[in-house]
Structures are given as C-alpha cells and as structure tokens.
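Take a look at the structure set out below.
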Amino acid sequence: MNKTKIAVIGLGYVGLPLAVEFGKKYPVVGFDINTRRLEELRAGHDRTLEVSPADLKASTHFTVSNSIEDIRQCDFFIVTVPTPIDEYNRPDLTPLIKASETVGKALKPGAIVIYESTVYPGCTEEDCVPVLEKFSGLKFNKDFFCGYSPERINPGDKVHTVTKIKKITSGSTPEAAKAVDELYRAIITAGTHLAPSIKVAEAAKVIENSQRDINIAFVNELSLIFERMGIDTMDVLEAAGTKWNFLPFRPGLVGGHCIGVDPYYLTHKAESLGYHPEIILAGRRLNDNMPAHVASRLVKLMIRKGHKVQGANVLVLGITFKENCPDIRNSKVIGVVRELQEYGCNVILHDPWADPEEVRHEYQLELSPRPDATMEATTDAVVLAVSHEKFGDIAFARFSKGNVVIFDIKAFIARDKVDGRL
C-alpha cells in the first residue's frame, strides 16, 4: 500500500466512487458532514447506487469521518462538493467555500488541494485559494499547492465509470501538476490529459456540458417547429441520423446537476468581464421553458379528448433527472408537475428509483405506489417523463378510460400507443 494519505471532501455521486477507487491503493479518509450518509456507508450501503457493497468492501484502505482531526495528516485533499445555482441562476459557491474552510483548518505544509467541483475559469485560484490561506495560515505555491481535475461522473452509467473516463489534470506549479497527474494515473485506466493551467482545466469542464446543453436546445427547438408542421420529430431525427456525422441528440427535459447548471457558471464569468453570451443563454432559456411546453401540450390534448382539466387525475411516471438513476437534483419533471398543478390537475407521481423521503424533503411532493387497477380506472392522462427500464412492463392499454391521454416525453412507448411526444 502506498503511504500517501488522501482526503476526499464530499461523498456524493462524485466523491464516493473516487474515494473507493483510491482506497484500494492508498489510505483514504472520506469526509462528509452528513452523519446519516456516513452511517450508511459504514454499513456497506450507498444510497446513490453508484458503488456496490462489494466495491465498498474491496476498498480496504477507505474510511469515513466527519472529524477534521482525521484528515490533518493528509497529503492530498480532493474537494468534490456540489456547485449549485441559486433561484436567479447565479453560482452558489457556499458548499465550495465551506469545504475550503474545512480543508484550510486541516492543511499541512507541502499538501496539495485538488478541486473537482464544476466552477467557472479562475474560481480555484481567485475564490478558493484565499480561503485556504486564511484558515491555514499558509502561503499558496510556497507552503501548499492546488490542482484542478474536473469530475466526469455520469450518474447511473455502469459502463463509463470513474476509472474508465479519461481525466483532465492540472496544477498551480509544474511540480504540483506532475504530482496531481501521477496521483490520478494510479487509478484511471483510461489515462489522463495534463492541461497547461488550472484555468484551462476549469474552462474545459464547463464547456463540456454547455455544448451538450446547446445541442439539446437545438433539437428541442426543432420539436417545437415540427409540432406546428405536423411532423414527428423522432422520424426526422432518425432520417437525418443516417448521415455519418449527424449528432444523435434527442429532445427532452434538461435537468440534473451538470447540463442544466454548468452553463450558468460560464455565463456568470463572461458577464463579469463585460461580455453578454448569446447562444449559451438562448439555449438555457429554451431548455428551461420545456416543462411549461410539455404541460401545455398535455392540457390541449386532454381538452381535445373531452376531459375537464380542472380536477383531472394526471399520472406522472418518473421524477429523477434521468433514467435508471435515483438522482432527483434539479429535476425538470418538477416543472411539469408544478405547471399541471397550476392548471388545477391532481398529479399522481410514481418513481421506483427515487427515495420518497428525499422527494418529500426536496420538493414537498409525495410518491405514489405502482399504478394498480384502481388508479388505472381513474386516470385521465399519463405523462411518461423518465424512461426507466422498469416502466417497460407497464401495460398502458389497461388504463380503462378509452380516452385517456398518454404523452411520452422520452419517445419510450410505441408511437401508435401515445397521443403525443416531443
């Protein structure tokens, strides 16, 4: 076992898989302020389902703690806390700053602090380093050093796992950059890419998801156009996809902690420098308006079939931000639910992947059990919001009201069985 000691600050979707992999080779302390999370991990359970009980057990040098004393002697500190936005779409650095305070209190001379949280270019050195200096009493690039290696975790993806995704690395000095790169190369089988500076690595991360956001916005706009033409968007995309270099993006709700959030970090920095982004913000506006569009289309379909919208029972299947994953952060399905409630609909929400307690705490909504005969008999409309594999065996034809409206956001159900889709 290598004697280099590592602290991973934040044991969520990003931090835990990383800590577990490092814990197979190095002594690792996973630090988190959530005591319930620590208790579950000590019991061998990961509620995010990113790490299996077997992998937790195989990480023989991995321990968890919420005590600063347990991380004081660490050589590397890897910060993997969330970087959300506030209600005005402005970056909220509170978790990042708090994590930096914690690290600063434990920092020893010669240590390297690596940030993985998505930020705007310059954030590590301009916002985090002063906090580290203040709480440690040490001098940057003299007593301690920094690195940035952006996370590329894809929640729910069991193929592109942490060790199989190429890692960007960087450091505040050439020597620190080399040390950061060597550390990650010890576990990343896909290899690393050493960026010339921390700012370049930060910028690379934030544009990865901005690019996807813009591309999805494009196909979402196509779906708005083709709806007015009476053309099925998926038919168009399938035909266009026969060209070798056509990009296979599909319309849908753009939520989650990355694609729906990261572009605002880039636009915030751009605006602080006096530049107003055009394309990035246009894409964001379009994608953020899709929940209202879905609700509006569903209501129009219900009216056409003679339903009274006020008091109608609408079953929404799925609340997580993507399929086959329990992550409910920044789920845009919530926007659809809220819009339907504004129309006066009674929304029944079912998701076998989501944690009912988290949904209740985060969104003040209750999850319902799997649709049964009673629910099927009283449902006026169904929205397939998330294409969980578990929804594949729901017999939509059983919904006994002959004029039940079925709207498929994800093009998951056979086209001849639905009334509308994006």
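The values are calculated or read from the model by the stated rules, or taken from the named source; none is laboratory data. Predicted model only: the values in this text are computed from it and were never measured. With ideal geometry, Cβ positions are generated from the backbone for all residues, glycine too; neighbour counts draw on all protein chains shown. The protein model used for the area step is the full one, side chains on, heavy atoms only, and it has no ligands, DNA or RNA in it. Shrake-Rupley method; radii C 1.70, N 1.55, O 1.52, S 1.80 Å.
Identify, by number, the condition in (1) farther than 21 Å from Asp393 by Cβ; (2) not in a loop (DSSP other than H, G, I, E, B) that Asn330 doesn't meet.
(2)
Can you name every residue in region 168-184 that is open to solvent by 20 Å² or more (accessible area, probe 1.4 Å) and more than 22 Å from Val20 (Cβ to Cβ)?
Within region 168-184, Ser172, Thr173, Pro174, Glu175, Lys178 qualify.
Are there strands (runs of 3 or more DSSP E) fully within region 23-79 with at least 2 residues that are in contact (Cβ under 8 Å) with a residue 60 or more places away in the chain and β-branched (Val, Ile, Thr)? List them.
76-79
Between a residue in region 90-104 that is in contact (Cβ under 8 Å) with a residue 12 or more places away in the chain and any residue that is open to solvent by 40 Å² or more (accessible area, probe 1.4 Å) and in a helix (DSSP H, G or I), which pairs come within a Cβ distance under 6 Å, given they are 6 or more apart or on different chains?
Pro91/His268; Glu101/Phe135; Gly104/Phe135
Let's see how each residue does on (1) surrounded by 14 or more Cβ atoms within 10 Å (Cβ to Cβ); (2) outside any helix (DSSP H, G or I):
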| residue | (1), (2) |
| --- | --- |
| Val206 | yes, no |
| Thr242 | no, yes |
| Phe246 | no, yes |
| Gly256 | yes, yes |
| Thr267 | yes, no |
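Residue-wise test of (1) within 21 Å of the chain's Cα centre (by Cα); (2) at pLDDT 95 or above; (3) within 22 Å of Phe321 (Cα to Cα).
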| site | (1), (2), (3) |
| --- | --- |
| Leu11 | yes, yes, yes |
| Gly23 | no, yes, no |
| Val28 | no, yes, no |
| Gly44 | no, no, no |
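Identify, from the list Ile231, Ile303, Ile280, the residue that is aliphatic (A, V, I, L, M), in a helix (DSSP H, G or I) and open to solvent by 70 Å² or more (accessible area, probe 1.4 Å).
Ile303
Quick check, is Val299 within 26 Å of Asp416 (Cα to Cα), in contact (Cβ under 8 Å) with a residue 12 or more places away in the chain, in contact with a helix residue (DSSP H, G or I) (Cβ under 6 Å, 6 or more places away or on another chain) and aliphatic (A, V, I, L, M)?
Considered against the rule, which asks whether it is within 26 Å of Asp416 (Cα to Cα), in contact (Cβ under 8 Å) with a residue 12 or more places away in the chain, in contact with a helix residue (DSSP H, G or I) (Cβ under 6 Å, 6 or more places away or on another chain) and aliphatic (A, V, I, L, M), Val299 comes out as no.
From the set of residues in region 138-167 that are β-branched (Val, Ile, Thr) and buried (at least 21 other Cβ atoms within 10 Å of the Cβ), which is modelled with the highest pLDDT?
Val162
Exactly one of these conditions fails for Glu323: (1) without any contact (Cβ under 8 Å) to a residue 60 or more places away in the chain; (2) surrounded by fewer than 19 Cβ atoms within 10 Å (Cβ to Cβ); (3) in a loop (DSSP other than H, G, I, E, B). Give me its number.
Glu323 satisfies all of (1) without any contact (Cβ under 8 Å) to a residue 60 or more places away in the chain; (2) surrounded by fewer than 19 Cβ atoms within 10 Å (Cβ to Cβ); (3) in a loop (DSSP other than H, G, I, E, B) except (1).
Which pairs turn up if I take residues in region 222-243 that are free of Cβ contacts under 8 Å to residues at least 12 places away in the same chain and of a type in the set (A, V, I, L, M) and look for partners that are open to solvent by 40 Å² or more (accessible area, probe 1.4 Å) and in a loop (DSSP other than H, G, I, E, B) with beta carbon separation below 9 Å, at least 6 apart in sequence or on another chain?
Between residues of region 222-243 that are free of Cβ contacts under 8 Å to residues at least 12 places away in the same chain and of a type in the set (A, V, I, L, M) and residues that are open to solvent by 40 Å² or more (accessible area, probe 1.4 Å) and in a loop (DSSP other than H, G, I, E, B), the close pairs are Ile225/Ile231; Ala240/Phe246.
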